[in-house]
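A.B. asks: Pasting a structure here, questions to come.
Nothing in this text is a laboratory measurement; each read-out follows from the coordinates by a stated rule. Bear in mind that the values here come from a model prediction, so they are computed numbers and not experimental data. Counting neighbours? That spans all protein chains shown, and the Cβs are built from the backbone with ideal geometry, glycine included.
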Amino acid sequence: MDAQAPLPEPPGHAGFRWGPMLLVVAVLALYFVMTRPQPPLEGWHTDYEAALVEAGSSSRLVLVAFSLPGCAPCKAMERTVLNMGEVRSALERFVPVRVDLSQRLDVANRFAVFAAPTYIIIDAEGQLLGKREGPQTVEGFVAFLQEASTNPRRDTAPTEGGPTGGP
C-alpha cells in the first residue's frame, strides 16, 4: 500500500502556526494589565504615616487596606465593595489608606498580614482594633466599619482560618 502524501498547506501559511504566537501575546498582555500599579481610590491615602497623622488630628480611626499589584480579589473589592455608596458613607468616619503589601512589609508584619486583600482598623497610635481577611460583601464590610467606629476595642476579629485572640 502506498502511503498517503501529506495534505498541501493552504496558501500563505508556509509552515507557520499562529496559535502559539497568539497565546504568548495574550499572556504577556494579561500580565502587563494585571501588574500595573493601581490608581488610588478617590479619597484614599497611599502614605501610611500621613494617614496616622491625619487620624490623630481629626480624631478618626484608620482603615488600612492591604493589597498587591495584580491581585484579582483586591481589584474586585475596589469595584464591587469599596466604591459602593453605603461603604463610602461608612468610610467618612475613617482615614482610609491603601498599602501595597509588597512595598511595606514592615507594616504588614506588625499586624500579621500575610494575604491580600486584608483590612485592618487601627487608632491613630497604631493599635489594632479589627481585622478582616479576603473579599467581603458590602453588608459585611459596612458592619465591620460600623462596629469598629461605634465600639472600638483592642482585638482582632475572627477571620476564616485566622487567629481570634485579643488582649
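A.B. asks: Show me the ranking of peptides 65-77, 103-115 by mean Cβ neighbours inside 10 Å, starting with the highest.
C.D. replies: Sorting 65-77, 103-115 by mean packing, highest first, produces 65-77, 103-115.
A.B. asks: If you don't mind, another one. Can you tell me the order of 52-59, 127-134 when each peptide is scored by its average per-residue count of other Cβ atoms within 10 angstrom, highest first?
C.D. replies: Most protected by this proxy first, the peptides run 127-134, 52-59.
A.B. asks: Computed over the Cα atoms of the stretch 48-150, what is the convex hull's projected area averaged over all directions, in nm²?
C.D. replies: 5.8 nm²
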